[in-house]
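Have a look at the structure below, then the notes.
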Amino acid sequence: MLELKQLSKRYATGDLALNGVDLEVPAGQVLALIGPSGAGKSTLIRCINRLVEPISGTVMLDGEKLSGLRGGKLRLARRQIGMIFQSYALVERLSVMENVLSGRLGYIGFWRSLLRKYDSADIKQACELLDRVGLLSMLDKRGDALSGGQKQRVGIARALMQQPKLLLVDEPTASLDPKTSRQIMRLIVELCREQNLAVIINIHDVALAQQFVDRVVGLAAGEVVFDGRPDELTEETLTLIYGEEDWSTDAEDGEHGEDEESGDESETGDPLNNIAKGAHP
Ligand SMILES: Nc1ncnc2c1ncn2[C@@H]1O[C@H](COP(=O)(O)OP(=O)(O)O)[C@@H](O)[C@H]1O
Ligand SMILES: [Mg+2]
């Protein structure tokens, strides 16, 4: 499905953000890319959809080489790649429905998009997705009237509206409270499994990643230093990824007495603790 070979990126500032990354993600797999701030997670995602130009290496999607594509061909290829952002990236003055429909813009062409003309099949699909993310009753609300969690639900529906093969998700929960974060992660993972998408989720919250994904890749200073199942992450590996000091700070997060509505999630916010308890789905 997605295949990265020896992908490297050096920014004009001289920072080597990615250093020869090899990665394959099959259809239907949800992969969490973890690592400290500055590890290169966002750069990796941006190199895949070519928002950032790698200095070397190749990106193959479904047998098609994305590296080197330009203009219309690049646009067509990008249609297959959905994006979900930390900051939601909604058009605040547009309705929930219009925001979701805008996921179709890559398909309907310039003039129709200018007139925002969508056909009834698109509207039906948008309604189905809004129902699936629990926002059907809010379809005429403006983007700026929504809570963070609701905005991210719209972001998810919009990305899936595009009918992508690959979904790239950059820190989807970094602006959300712990409970909403879990709901959003669960929703993304469920929907992607239903639709058999390949998914890369950049996330710095290890416990959250471990709870929901099939595979964890650890990035440190632009290199893959771990690739395995969530339950294979050891204290040693986490130290390799995050370093000693950062790690201890991270482990103090969570456990701030948020109220749970269901008892199915027992994590304490301390991933090491969770590993010890074997707390995996
Ligand atoms: N637009 C940019 N220009 C210059 N350097 C950048 C840019 N974006 C990221 N970097 C650098 O590349 C490295 C990786 O950053 P990034 O991919 O944002 O990491 P992460 O998402 O894991 O926090 C960092 O050293 C960062 O400072
Ligand atoms: Mg980032």
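Quick notes on this structure:
- Residue within the stretch 66-79 that is within 16 Å of ligand 1 (Cβ to nearest atom), open to solvent by 30 Å² or more (accessible area, probe 1.4 Å) and either of a type outside the set (Gly, Ala, Ser) or under 25 Å from Val154 (Cβ atoms) (or both) present: no
- Test: residue in the stretch 15-29 that is free of Cβ contacts under 8 Å to residues at least 40 places away in the same chain, in contact with a strand residue (DSSP E or B) (Cβ under 6 Å, 6 or more places away or on another chain) and open to solvent by 10 Å² or more (accessible area, probe 1.4 Å): yes
- Once the stretch 11-65 is narrowed to residues that are basic (Lys, Arg) and within 9 Å of ligand 1 (Cβ to nearest atom), the residue that is farthest from Ile201 (Cα to Cα) is Arg46.
- Residue count for the stretch 87-99, restricted to those that are buried (at least 18 other Cβ atoms within 10 Å of the Cβ) and out of contact with any Cys (no Cβ under 9 Å at 6 or more places or on another chain): 5
- Arg46 being within 16 Å of ligand 2 (Cβ to nearest atom), without any contact (Cβ under 8 Å) to a residue 40 or more places away in the chain and open to solvent by 20 Å² or more (accessible area, probe 1.4 Å): yes
- Odd one out for Leu240, checked against (1) within 15 Å of ligand 1 (Cβ to nearest atom); (2) open to solvent by 50 Å² or more (accessible area, probe 1.4 Å); (3) over 16 Å from the mean Cα position of the chain (by Cα): (1)
- Set side by side, the residues Ser56, Ser95, Ser102 differ, and just one is away from ligand 2 (no atom under 16 Å from the Cβ) and in contact with a helix residue (DSSP H, G or I) (Cβ under 7 Å, 6 or more places away or on another chain), which is Ser102.
- For beta carbons closer than 6 Å, sequence separation of 6+ or different chains, a first residue in the stretch 86-106 that is over 10 Å from Ala126 (Cα atoms) and a second that is of a type in the set (Gly, Ala, Ser) and surrounded by fewer than 18 Cβ atoms within 10 Å (Cβ to Cβ), the qualifying pairs are Gln86/Ala174; Gln86/Ser175; Leu105/Ser113.
- Leu90 being assigned to a loop (DSSP other than H, G, I, E, B) and within 20 Å of Ile201 (Cβ to Cβ): yes
- Ser137 small (Gly, Ala, Ser) and either part of a loop (DSSP other than H, G, I, E, B) or open to solvent by 60 Å² or more (accessible area, probe 1.4 Å) (or both): yes
- Of the residues making up the stretch 30-43, those that are within 12 Å of ligand 2 (Cβ to nearest atom) and crowded, with 17+ Cβ neighbours inside 10 Å are Leu33, Ile34, Gly35, Pro36, Ala39, Gly40, Lys41, Ser42, Thr43.
The values are calculated or read from the model by the stated rules, or taken from the named source; none is laboratory data. Computed from a predicted structure; not experimentally measured. Because the Cβ atoms are built from the backbone with ideal geometry, glycine has one as well, and the counts that use them run over all protein chains shown. The area values use the complete protein model at the heavy-atom level, side chains included, leaving out ligands, DNA and RNA. Shrake-Rupley method; radii C 1.70, N 1.55, O 1.52, S 1.80 Å.
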